[in-house]
Amino acid sequence: LGDENAHDEL
Amino acid sequence: MNIFRFLADMSHVLSILLLLQKIRSSNSVAGISFKTQALYALVFVTRYLDVFIYFVSIYNTAMKILFLGTSFYTLHVMYKKRDSGTIAANTIDTFRVEFLLIGSLALALIFPSERIYSVTNILWTFSLWLESVAILPQLFMLQRTGQAESLTVHYIFALGLYRGFYVLNWIYRYYFDNWFSLTSFVTGIIQTALYSDFFWVYYQKVLKGKKFELP
């Protein structure tokens, strides 16, 4: 769990 | 953040306000698909639960909470007013959502975004596929009833506009941010395409001041 694939969109 | 993405998010917020306004002003949930609303709630749960583990910006967090909150609020309001539909919802809201759920899950398991096999990433990919088709029960309901109240029509239009703006945002980001997500792009195109018929009827009828009736 975490930011391994950061999704910055909604 | 660019102008397309901002317009997209604002269209999305507008669509939710229009939906709630429709239910309030007519005091009825007639013509609104409970199944589509339930699918959106599931989309937001599977995509936005990362709000607890991953911080992007105050804007991002606030919008996630807003979308999660309003989707469940909408379901609550619809359930409370379930008997106020002029036609019993269960006789026209008959789209088989199982296929959408199973198809989205299969695609997310086979092709998780960026080929990252983590729970959060598979849920994120699932949410994108499911969102792309979540409007189908609503569109089928509209097709069966043949006409809709203007606020319902504006709601669906704003909702369609939202992902259309995101597609423009992704094209912008590809060229100016050096950023691209194939899953986002493909599902966004599918989602926008599903609205294309509706956009055409909207243009023909609503913008020319006629009553919204499907041909």
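Please treat every number below as a calculation from the coordinates, not as lab data. The structure presented is a predicted model; accordingly, all values stated were derived computationally and were not measured. FYI the Cβ positions are ideal-geometry reconstructions off the backbone, even for glycines, and counts take in every protein chain you see.
Spatially, the stretch B:144-183 and the stretch B:1-70 are offset by 13 Å when compared through their Cα centroids. What you get for the stretch B:107-205, charging only the Cβ of Lys and Arg (+1) and of Asp and Glu (-1), is a dipole of about 80 debye around the Cα centre. Remark: the stretch B:173-178, residue by residue, has Karplus-estimated 3J(HN,Hα) of 5, 4, 7, 10, 10, 6 Hz, where x stands for each Gly or Pro and the curve is 6.51 cos²θ - 1.76 cosθ + 1.60 at θ = phi - 60°.
Charged side chains reduced to their Cβ positions (Lys and Arg at +1, Asp and Glu at -1) give the stretch B:40-152 a dipole of some 120 debye around its Cα centre. Ranking B:Y162, B:V29, B:Y48 by how far each Cα lies toward the positive end of the dipole of chain B (charges on Cβ) leaves B:V29 at the top. With Cα atoms as the point set, the stretch B:1-122 shows a radius of gyration and Dmax of 16.6, 47 Å. Bridgeable aspartates and glutamates around B:K211 (alpha carbons under 15 Å apart, same-chain partners fewer than 8 residues away excluded): B:E149. How far, in degrees from 0 to 90, does helix B:182-194 lean away from the longest principal axis of the Cα atoms of chain B, to the nearest 10? The answer is roughly 10 degrees. Rounded to the nearest Hz, the phi-derived 3J(HN,Hα) couplings of the stretch B:128-134 under the Karplus curve 6.51 cos²θ - 1.76 cosθ + 1.60 (θ = phi - 60°) are 5, 5, 5, 4, 4, 10, 5, where x marks glycine and proline.
With helices as the sole contributors, the protein assembly as shown gives -22000 deg cm²/dmol at 222 nm; each DSSP H run of n ≥ 4 counts as -39500 (n - 2.57), and the sum is divided by every residue. Close amide-amide hydrogen proximity is noted between B:Q147 and B:L214, each under 5 Å apart and 5 or more residues distant or on a separate chain (H modeled in the peptide plane; Pro and chain starts excluded).
Under 18 Å from the Cα of B:K80, which lysines turn up, not counting those fewer than eight places away in the same chain? Here the lysines satisfying the reach criterion relative to B:K80 are B:K22, B:K35.
Report the one residue of B:A108, B:L139, B:S118 whose Cα lies farthest in the direction of the positive end of the charge dipole of the stretch B:75-152 (charges on C-beta: Lys and Arg +1, Asp and Glu -1; origin at the Cα centre). In the stretch B:75-152, that residue is B:L139. Note that the stretch B:28-45 has calculated 3J(HN,Hα) couplings of 8, 9, 4, x, 9, 7, 5, 4, 4, 5, 5, 5, 4, 4, 5, 4, 5, 5 Hz, one per residue in order, obtained from phi through the Karplus relation 6.51 cos²θ - 1.76 cosθ + 1.60 (θ = phi - 60°); glycine and proline are x. Estimated translational diffusion coefficient (Stokes-Einstein, Kirkwood radius over Cα pairs, 10 °C, 1.306 mPa s) of the protein assembly as shown: 88 µm² per second.
Any idea what the dipole of the protein assembly as shown comes to, in debye rounded to 20, about its Cα centre with Lys/Arg Cβ at +1 and Asp/Glu Cβ at -1?
860 debye
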